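Since the structure comes first, as C-alpha cells, the remarks are kept for the end.
Here, each number is a calculation from the coordinates, and none is a lab measurement. What you see is a predicted model, and the numbers here were worked out from it, not measured in a lab. Cβ placement follows ideal geometry from the backbone for every residue including glycine, while neighbour counts extend to all protein chains displayed.
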Amino acid sequence: MRPEDALKLGLDEVLAESRGLSLAKLGDEVVFYTPSFLPSSPSGRMTPPASFISVSVTGYACALQCDHCRGRLLRGMTPATTPDKLREVCRRVKESGGVGLLISGGSDVKGKVPLKPFLDVIYWAKKTLGLTVVVHTGLLSEEVAKGLAEAGVDAALLDVIGSEDTARRVYHLDVKLSDFERALALLERYRVPTVPHVLVGLHYGELKGELEALKMIARHNPAAIVVIALIPLPGTSMEHVAPPPPEQVARIVAAARFIAPGVPIALGCARPKGRHRSESDVLALRAGVNAIAFPSQEGVEEARKLRLKYSFRPTCCSQVYVDLKRESS
C-alpha cells in the first residue's frame, strides 16, 4: 500500500495491511515503556522514581517558544544547566540504582539544543557510569554529532517537520526542509543511533507534512521512528485546538510502516491522555506498532487480545530498536 493510501482508504483495511507487514518484518513482540518521567503509567505499571529521568540543560528556558509548547514541557524535567550540575544528576541516577536519562532542553533561535558544553559529561555518563543516555539534539552541528558518536549515546532524538510553513508558523524557525535533512544526514554519517519523532497534528491540529517528514527520515537509516500527537497544553496558542483524532494517529503509524517496513515504530509519550490515549493505543497496536510509552490499560488488554508477546521496560521508547532484538534472541 502507498503511504498516501493510508490516509484515504478504509481504516480497517489500512490497519490490517500495516499490521501484516509489521508481523512479517519484525515479529509479534511489543514493548511497553514506563520511564520515570511520570510517577506511573495509565496501565498501573509503577517505575522507581529515579529509574530513567528527563533532564533539561537549559532549565525552563527555550528561545523558540513554539506555539504548541511555550516551554511547558521543560517544566517536568530536572534542570541541569551546567556541566557540573549534569554530572551530579547522572551520579545521583547511578547511585539510586537508575538505568539512565534523557538529556533534553530548550532550543536556541536556530533550533539547536546547546549540547556542546555537556559533551564531556555525556561521555563520562556513558563510559564511566554505564548509563543509558538518550539525547534530544535539535538541528545539531557536525561537532555535536561527532561528540555524541564518540560518547556512544544510545539514541539521538530529533523532531522532524515536513512543512516549512509549519516550521515557520509553529516553531518560529526560518529553516528549509534541507536543514532537517542535514541533521539526519550528520547523525547517519557518524553512526549515531537516530530515533526521529513525527508529531501528528503539529500544524494546529491538522495534518501537514507528516508524510514528507517520514519519507525524509526513511532516507537516513533510522534506528526507530516515534510517532507522537499534539497535546493542547494550557497557556499555549494551541490550548483550544482539537488534537488529531486517534484514527488519524493510527493512519500515520501505518504510513510510517509502509514508508519504512523494517524499522521499529513506537507510539511515544507525548500524546493526549484519557480516552484519546486508550483509543490511540488500541488502534496503533492493530496497525502493528512495536512499542508504546506509558500504555493505557486498554492498550495492554488489546495486546493480550492480539496474542502479542509483550514486556515492560523502565527506559525510553527510543530503545525499542535494542529491546526488540533482546526479546527475539
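What length, rounded to one decimal in nm, is gained on full extension from LYS325 through to LEU233, with 0.36 nm per residue of separation minus their alpha-carbon distance?
My answer for the length gained is 29.5 nm.
Counting only residues 5 or more places away or on other chains, whose amide H sits under 5 Å from the amide H of GLY138 once H atoms are built in the peptide plane?
Under 5 Å from the amide H of GLY138: VAL113, ASP159.
List, in order, the whole-Hz ³J(HN,Hα) value for each residue of the range 105-116 obtained from phi through the Karplus relation with A = 6.51, B = -1.76, C = 1.60 and θ = phi - 60°; use x for Gly and Pro.
x, x, 9, 7, 5, 9, x, 9, 7, x, 8, 3
Highest first, please rank the peptides 208-216, 288-296 by the mean number of other Cβ atoms sitting within 10 Å of their residues.
Packing proxy ranking, top to bottom: 288-296, 208-216.
Considering only the other residues whose Cβ falls under 12 Å of the Cβ of ARG87, what net charge follows from Lys and Arg at +1 and Asp and Glu at -1?
Overall, the nearby charge balance is +1.
Quick one: among THR128, THR236, THR58, which has the greatest mean-square fluctuation in a GNM of the chain with alpha-carbon springs under 10 angstrom?
THR128
Rounded to whole Å and ordered largest first, report the semi-axes of the equivalent ellipsoid of the chain derived from its Cα gyration tensor (root of 5λ).
28, 23, 19
Across the range 78-132, what fraction of all alpha-carbon pairs, as a whole percent, falls in each successive 10 Å bin from zero upward?
24, 55, 18, 3
log10 I(q)/I(0), Debye, Cα-only the range 185-329, no solvent, q = 0.13, 0.14, 0.16 Å⁻¹?
The Cα Debye sum returns log10 ratios of -0.56, -0.65, -0.84.
Counting DSSP beta bridges with both partners in the range 3-328, what percentage is antiparallel, nearest 5?
In the range 3-328, DSSP labels about 10 percent of beta bridges as antiparallel.
Residues of the range 241-259 with backbone nitrogen within less than 19 Å of a virtual label 7 Å along the Cα-to-Cβ line of GLU4, please, listed as ranges.
251-259
First select every other residue whose beta carbon is under 13 angstrom from the beta carbon of GLY20; then total the charges, Lys and Arg +1, Asp and Glu -1.
Neighbour charge sum, excluding GLY20 itself: 0.
Let me see the P(r) profile for the range 259-329: every Cα-Cα distance counted, bins of 5 Å, each bin given as a percent of all pairs.
The calculated distribution, bin by bin, is 3, 16, 29, 26, 19, 5, 1, 0.
What distance in nm separates the simple spin-label points at LYS215 and ARG304, each placed 7 Å from Cα in the Cβ direction?
Using points 7 Å along Cα→Cβ, the separation is 4.2 nm.
What distance in nm separates the two pseudo spin-label positions at ARG72 and SER311, each 7 Å out from Cα along the beta-carbon direction?
Label-label distance for ARG72 and SER311, simple model: 3.6 nm.
How much FRET efficiency would the formula 1/(1 + (r/R0)^6) give for ARG189 and ASP120, where r is the Cβ-Cβ distance and R0 is 22 Å, rounded to 0.05?
Between ARG189 and ASP120 the formula returns 0.50.
At most 10 other Cβ atoms within 10 Å and a DSSP loop assignment: could you name the trypsin sites (Lys or Arg not before Pro) in the range 251-329 that fit?
Hits after loop and neighbour filter: ARG307.
Please check: in the Gaussian network model of the chain (C-alpha springs, under 10 Å), which one of SER107, SER178, SER280 has the largest mean-square fluctuation.
Among SER107, SER178, SER280, the largest GNM mean-square fluctuation belongs to SER178.
In percent, what relative contact order does the range 190-324 have, based on Cα pairs under 8 Å that are 6 or more apart in sequence?
Relative contact order for the range 190-324 comes out at 23 percent.
Within a Cβ distance under 13 Å of SER280, other residues only, what is the Lys/Arg minus Asp/Glu net charge?
After counting each charged neighbour, the total is +1.
For the chain, what relative contact order do you get, as a whole percent, if you take Cα pairs closer than 8 Å and at least 6 residues apart?
25 percent
Under the rule a/c < 1.5 gives rounded, and otherwise a/b versus b/c splits prolate from oblate, where does the range 132-234 land using the Cα gyration tensor?
prolate
Taking only C-alpha pairs under 8 Å that are 6+ residues apart, what is the relative contact order of the range 117-262 in percent?
20 percent
May I ask for the distance between the Cα centers of the range 144-187 and the range 46-117, given as a whole number of Å?
Value for the Cα centre distance between the two parts: 18 Å.
Can you list, bin by bin at 5 Å, the percent of alpha carbon pairs in the range 1-160, starting at 0?
With a bin width of 5 Å, the distribution comes to 2, 8, 14, 17, 15, 13, 12, 10, 6, 2, 0.
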